[in-house]
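Let me begin by presenting the structure, written as structure tokens, before commenting on it.
Read-outs throughout are calculated quantities, based only on the coordinates presented, and are distinct from any laboratory measurement. Computed from a predicted structure; not experimentally measured. Cβ sites come from the backbone with ideal geometry, for glycine too, and all protein chains shown count toward neighbours.
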Amino acid sequence: MASFAAKFKGWFSGEDISFSFIVALVIPVIIDQFFLVSFNFINTAMISSSGTEAVSAVNMVGSLHFFMVQVFAAVGLGGTVVISQYYGRKKLKEMGIMSASTIFGCVLMALAITITFLILRDPILNLLFGDAEPAVMKNAQVYMTGLLLSYPMQAVVEGTNGSLRGIGRTKASLKLSLLMNSIYILCNIIFVSRLNLGVLGLTYSLNISRFIALFFALYTLYANSQLLKIRREYFRRPDFKKIRHIIRVAVPFATESLAFNGGKIIMQILIVSLGTQNIAANAIAQSWVQLSEIIPSALSTSLVPIAGQCIGRKNIKDARKLTKSFLVLGAVTFLVVDSLLLPFFNVGMKLFNPPEAVIPLIFQIFLVYYVTHFLFWSFSFILPAALRAAGDAKFTTVVSMLSMWLYRVGMGYFLGIHLGFGLLGIFGVTASEWAIRGSIFYLRFRGTKWYENELI
């Protein structure tokens with residue numbers, strides 16, 4: 001046992017990065033991801049009590065939400081990458097300016113998204129989901145409006161978290177996320193479960209929680225100002241040159257996310273065409289399988305500042321070694337957690353109370369993920385985190401765009417709609433796309449081009 005512990009520490013430490021540093025960085029992110037997925041799980045269960053129309057609307061707009069939110073979330077990720085490299089090279093003044101610029105960049109992009117999509121809300125919903133039932137569409141309009149109004153407040157949180165993660169202060173970002181999501185769930189208990197306001201109640205919860213989180217984010221920045229080297233003057237006189245630099249770095253991240261999530265919207269359109277019960281089955285299946293993605297998703301998030309600091313120090317050996325260790329840990333975690341979830345499937349379904357007819361379909365989807373999660377997911381989502389941290393985001397963007405639009409969308413339509421395999425066929429295509437994309441990322445990682453970019 002002692003020898004295994006020593007080997008484990010060796011796998012997750014490097015010449016310039018200690019095991020204790022990695023643990024201190026990763027554990028808060030895992031906890032954050034756990035509560036985030038748990039909150040989403042509880043949220044879906046709560047809204048399920050309002051009927052299939054409500055849960056279908058939330059799931060439908062949710063796919064569009066992930067598309068929209070990635071625009072300013074990508075700026076936060078770009079900030080994490082740049083700040084981690086500045087931190088690795090001990091360029092502390094530039095790091096402080098970039099921290100403030102990250103927050104400004106997030107807010108500016110969020111405002112642009114909010115204004116644009118509020119104006120175009122109904123045309124976009126009709127274009128994408130016009131086949132949905134009138135009750136579903138009405139709920140979708142309400143939910144989308146509530147989401148958009150919350151974005152500028154959420155952007156401050158995203159920018160703050162991106163800056164904190166860049167220097168490894170994941171405990172502070174954890175506290176911020178926990179506060180926001182705890183208030184969200186508490187409000188949902190009041191507005192959705194008690195007052196039975198359905199989707200409207202969700203929008204109240206969203207905006208109240210993010211309004212409070214906005215002020216806590218500002219307090220968190222103040223409390224960590226010495227570590228981030230942030231000064232008040234950086235906010236009084238924004239450096240628009242630095243803001244443009246952050247946004248420029250974030251463009252490949254945003255492009256990749258938009259292209260990838262745009263493809264997911266198309267997949268959602270295909271699912272909408274299958275009917276309300278299939279929309280609800282998709283929402284429940286996604287919530288269930290996300291439980292096993294908690295730790296791997298946290299590893300992907302954590303790898304960005306870790307690999308970024310290694311690259312900042314020009315230590316490619318550590319970047320390679322730690323990336324490989326994270327890949328293996330992600331795969332093992334999937335195998336263990338999915339195996340634990342399998343016998344509790346029926347218990348989990350009681351929380352969502354889906355129509356009996358769709359439970360076998362949800363179980364079949366889970367089995368697809370059970371087989372493919374541990375084989376392909378880590379290569380598809382953890383590995384590119386290291387590539388992006390090194391500045392190779394253009395490559396990951398091109399690969400993600402092509403694999404999503406040329407394969408997942410095309411084959412999803414062919415198998416799911418044309419050949420009639422329905423929702424199960426669509427999920428099968430999704431899993432096989434992970435394998436294709438992950439293989440390409442692995443071949444890139446084995447070479448040298450991924451770490452030859454200069455971001456700072």
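At the listed q of 0.15, 0.24, 0.25, 0.30 Å⁻¹, the Debye profile of segment 227-281, built from one uniform point per Cα, gives log10 I(q)/I(0) equal to -0.65, -0.94, -0.96, -1.04.
Over all other residues within a Cβ to Cβ distance under 14 Å of Thr160, the charged ones net out to +3, with Lys and Arg as +1 and Asp and Glu as -1. The mean of 1/r over all distinct Cα pairs in the chain, once inverted, gives the Kirkwood hydrodynamic radius of 22.4 Å. Sorted largest first, the principal axis extents computed over the alpha-carbon atoms of segment 314-456 equal 56, 35, 22 Å.
Please give the length that would be gained between Asn196 and Val371 if that part of the chain were fully extended, namely 0.36 nm times their separation in residues minus their C-alpha to C-alpha distance (nm, one decimal).
Once the chain is fully extended between Asn196 and Val371, it gains 59.1 nm.
In a reduced charge model with +1 at each Lys and Arg Cβ and -1 at each Asp and Glu Cβ, the chain shows a dipole moment near 1920 debye about its Cα centre.
Segment Leu406..Leu92, full-extension length gain: 108.7 nm, with 0.36 nm per residue of separation and the alpha-carbon distance subtracted. Only lysine pairs 8 or more places apart, or on different chains, with alpha-carbon atoms under 29 angstrom apart are counted in segment 236-333, and they number 4. Sorted from longest to shortest, the spans of the Cα atoms of segment 258-394 along the three principal axes equal 56, 32, 21 Å.
With only the Cα atoms considered, segment 175-260 has a convex hull volume of 144 Å³ per residue. Taking the centroid of alpha carbons for each part, segment 85-106 and segment 163-197 are 25 Å apart.
Descending by average beta-carbon neighbour count within 10 Å, the peptides 401-408, 280-287, 264-271 line up as 280-287, 264-271, 401-408, the highest first.
Rounded to the nearest 10 degrees, the angle from helix 276-289 to the longest Cα principal axis of the chain is 30 degrees.
Ordering His418, His65, His373 from the fewest to the most neighbouring beta carbons within 10 Å gives His418, His65, His373.
Multiply the residue gap between Leu342 and Leu178 by 0.36 nm, knock off their C-alpha separation, and tell me the result in nm, one decimal place.
Gain on extension, Leu342 to Leu178, equals 56.3 nm.
In this simple spin-label model, placing a label point 7 Å from the Cα along the Cα-to-Cβ direction at both Arg121 and Arg237 gives a separation of 4.1 nm. Approximating the spin labels as points 7 Å out from Cα along Cα→Cβ, the Arg248-to-Phe211 distance works out to 3.9 nm.
Counting Lys +1, Arg +1, Asp -1, Glu -1, what net charge surrounds Val37 among other residues with beta carbon under 15 Å of its beta carbon?
Every neighbour counted, the sum reads -3.
Applying the Kirkwood pairwise sum to the alpha-carbon positions of segment 228-339 produces a hydrodynamic radius of 18.0 angstrom. Nearest 10 degrees is fine. How inclined is helix 316-341 to the longest principal axis of the chain, computing both from alpha carbons? The helix 316-341 is inclined about 30 degrees to the chain.
Once the C-beta distance of Leu419 and Phe8 is scaled by a Förster radius of 60 Å, the resulting FRET efficiency is 0.85 to the nearest 0.05. Within segment 1-155, the proportion of C-alpha pairs whose separation exceeds 18 Å stands at 71%. Once the Cα atoms are used to define both axes, helix 92-119 deviates from the longest principal axis of the chain by about 20 degrees. The alpha-carbon atoms of segment 171-225 define a convex hull whose volume equals 52 cubic angstrom per residue.
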